[in-house]
Structure formats: C-alpha cells, structure tokens
1. Considering only residues that are outside any loop (DSSP other than H, G, I, E, B) and more than 20 Å from residue B:10 (Cβ to Cβ), look in segment B:44-55 and name the one that is farthest from DNA strand C (Cβ to nearest atom).
2. Tell me, please, whether a residue that is touching a residue at least 60 places away in the same chain (Cβ under 8 Å), away from chain A (no Cβ under 14 Å) and part of a helix (DSSP H, G or I) can be found in segment B:99-118.
3. Being modelled with pLDDT of 95 or more and under 22 Å from residue B:149 (Cβ atoms) narrows it down to one of A:152, A:134, A:107, so name that one.
4. Would you check which residues across segment B:1-43 are assigned to a loop (DSSP other than H, G, I, E, B), more than 8 Å from DNA strand D (Cβ to nearest atom) and either within 14 Å of chain A (Cβ to nearest Cβ) or at pLDDT 95 or above (or both) and list them?
5. Does residue A:41 satisfy the condition of being farther than 22 Å from residue A:99 by Cα, touching a residue at least 24 places away in the same chain (Cβ under 8 Å) and surrounded by fewer than 16 Cβ atoms within 10 Å (Cβ to Cβ)?
6. Take the residues of segment A:111-120 that are surrounded by 14 or more Cβ atoms within 10 Å (Cβ to Cβ) and not aliphatic (A, V, I, L, M): which is farthest from residue A:72 (Cα to Cα)?
7. Being in a helix (DSSP H, G or I) and either touching a strand residue (DSSP E or B) at 6+ places or on another chain (Cβ under 9 Å) or not polar (S, T, N, Q) (or both) is the requirement here; does residue B:137 meet it?
8. For a quick check of your reading of the model, give me the residue pairs whose first member lies in segment B:46-57 and is away from chain A (no Cβ under 14 Å) and at positive phi, whose second is within 7 Å of DNA strand C (Cβ to nearest atom) and in a helix (DSSP H, G or I), with beta-carbon atoms closer than 9 Å and at least 6 apart or on different chains.
2 protein chains.
Amino acid sequence: MTRPGGRSARVQESVHAAVRALETEQGRAALTVPLVAARAGVTPSTIYRRWGDLQELLSDVAVERLRPEAPPADHGALRTDLETWAEQFLEEMASPPGRAYLRDALAGDPDGSHAGRCSAYAAEQVDVILARAADRGEQVPDADIVMDHIVAPMIYRLVFRPGPMDASYARGLVEATLSGLMPPH
Amino acid sequence: MTRPGGRSARVQESVHAAVRALETEQGRAALTVPLVAARAGVTPSTIYRRWGDLQELLSDVAVERLRPEAPPADHGALRTDLETWAEQFLEEMASPPGRAYLRDALAGDPDGSHAGRCSAYAAEQVDVILARAADRGEQVPDADIVMDHIVAPMIYRLVFRPGPMDASYARGLVEATLSGLMPPH
DNA sequence: GAGCCAAAAGCAAAATAATTGCGTTACGCC
DNA sequence: GGCGTAACGCAATTATTTTGCTTTTGGCTC
C-alpha cells in the first residue's frame, strides 16, 4: 500500500468493485476470496496478501460505503441542522444495508482503525454543523457532547439493542442535548 | 441445541473450555476450528455443525465471559452505586481482554442476538441499582436514560473511537445524568 | 528519459480448512 | 425398557489459504 498509484490503485478499485457487484448479485453470504478475485481479474493470493482475509476486505469496502457523500445541509439554524442530520444519519445507519455495512466494518477490524474512521466521518459532519452555527453567533455545544449524547446512543442501540428506532428518537436526543445548553429558568 | 443436557452439554462445555485454554496458551490469532476440536476431544464437523464457523464460536465464548458474575455492589445511595458500577464496567470493558471479548462478541454475531445479550447484561445490572434506589425512596432516572447517557457513550467510545478513557469519564457521565434529574434552580 | 530498486502481482504446488453423506451413539420420552 | 430422533463421529470430497518463486511495474535518481 505504500504505492498510491498505478497498478496498485487499479487492483484496489477493481477488487472493491467486484465486492460491490457480487454483494448485490449474489448476496454477502456467497462471497469468498477466490470468487471476488476471479471477478476482479486478480489472483486470490493478491487479496490475501493485501487484505489478509475476506473480512478485512469487506470491512474496507464497508467503511468506504459509510463515508458521507456531501456535507450536512445548511438550514440556517443549529437545531434544524442537527435534527435533520441526526434523522438522516439514523435512517441510513438503521436501514438494512446500513446495518450490514456497520456490521462488516466492525467485524473485519483487527485494530479498531476502521471503526475509528467511521466515527471520524460522523465527527466531521458534526463539526461542520457546529462551526456554521458558531459563525452565526449561536451558542453551540461541544462536539464531544454531541457525539456522546446524540451519536453514541443511536449507534449503541443499533449495534447492541434489538428493536427499531424512528426519526422521533433522533429528534428527542437533539432536543435533550440542546436544552441542556439553555440556562435553567 | 434442542437438547439441554447429557452429551450435548458436555460437548459444549468441553469446546468452550478448549477455546479458553487455547486463547491463553497460544493467543486468539492461533485458533482454528480443527485445533479447538482436537483440544476438546471432538471432531471438527461437530463444531461446524453446531456453531457454523470459528467466529460464531468465539463470539459465543466471548459473550459468556462478558456476563457479570455478581450483582452490583450496594452502597446505600444511587449516586455511589451508579458511579462505582460505571467505573468498574468501564475498567473491565476497556481492558485489553475486555476489548477483545467485545470485539469477538460483535464479530461473530450474524443476527445481533449476541450483542443483544451483552446489552441485556448491562441493563440488568442497571435495573438492580435503580430498583434498589427506588425502594429507598430515591428519585431515579429511567433505565433507558441510563443506558443512553452512561452506557452508550462509554461503549461507543470503546468500540469506535481511539484513545483511552479513565474512571473520571465514567463519573462525569453519571454526574451529568443524575443532575438532569434535579429540578432547575 | 534510461536504469535501478523494491513493492506488488502472478503462478502453481502444498498445506490446511470446510463440507457432506452415512453410520453410530445416546438423550428424552413414552 | 424400548423408540425416535437430535447430535456426534468418521472419512472422502471439495474448497480455501498459504507459500516460494518469478515477473511486472511504479517511483526515484542521475
């Protein structure tokens, strides 16, 4: 991986594309390293040497798919921005594919770096929202508070607790977090 | 697994014991299904048929090890009970073996039931603490509030965010949660 | 822009692991 | 005490993973 371009990059993209294609065509359960390799036009040993095993490869692909595609929408107010973002985040993560990506991202992650990238994605989005609000002169909570009080409960429930969650749960978390900012009255 | 006793139970215990022994002797990375089977005095196909693959077996063992061994200590006050429990919970989960069990428990969990058992363990402990406090006549938060505001942030950071956490972080979460109970002044 | 070095990929054989069909054992139940 | 069946053992088959060696090729220096 010390070589960012050329054949290495082509192989990486080809293998990732093969995983994505086979996931939709045959389902994740059907994936094997030899199968992915054949589809990518690569020998299995290439995958084993670069990714270690199937799980790490799937984790790599999953993290990529969890990366936000755009900065969070700007509605001109902290509360609205956070609510909208939290609802959308929850919806994406709680959807069947979202859950699958999250699971894969965690499962093939020997040192926690993949999981770290996932939380960094969320933290970046939160930072953007908070920075914009601060620029407007709004009083903003600390980013860690948002991660602890809004992101963590949603993801914890998603990963550890059975049962559904809906958008109102996300809104409630935002509400509770922001109301903590107001001086008591 | 529909047979709770007899040979089935002996095989299960023998396999679990083999996993635990080999984990300490050789390290988790060295484990394979045939190795575990040999140590347990069982044929590999037995393991494959009962657990599916190595990961599910390791997840099964890990969940077992995450089960609390005793109810939380009773110090006569909600705040102290929660603080003590949260500190100890964090310490156990953040330790290298704790992290490894947590990782294994999640990794070999196709349908989320193992993760569900983990959170149920924590929820049980919390329920005991809250019920005792309520019996004393103390004002107690909802169990879900405790899970969302205390357990979720710790586990989220543990699983997703790099870097250490110490006991004071756990205390701070308890503090913030309980102070939310007090009427504003 | 030619040549060199080393990282990454290909290839193929060998080792290891996973699957499966079939016979046997032994719970749980009547 | 005997029956039915779930779980296990065994062994052959199949698939995957590992590994040593060779070839390709990206990046760097001169």
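1. Result: B:55.
2. no
3. On the way: A:134 fails: under 22 Å from residue B:149 (Cβ atoms); A:107 fails: under 22 Å from residue B:149 (Cβ atoms).
Being modelled with pLDDT of 95 or more and under 22 Å from residue B:149 (Cβ atoms) holds for just one of A:152, A:134, A:107, which is A:152.
4. Hits for segment B:1-43 are B:27, B:31, B:32.
5. When the stated conditions are applied, residue A:41 passes them.
6. A:112
7. no
8. Here the result reads none, with nothing in segment B:46-57 linked to a residue that is within 7 Å of DNA strand C (Cβ to nearest atom) and in a helix (DSSP H, G or I).
The values are calculated or read from the model by the stated rules, or taken from the named source; none is laboratory data. Here the structure is a predicted model, which is why all the values come from computation and not from measurement. For neighbour counting, all protein chains shown are included, and Cβ atoms are generated from backbone atoms with ideal geometry for every residue, glycine included.
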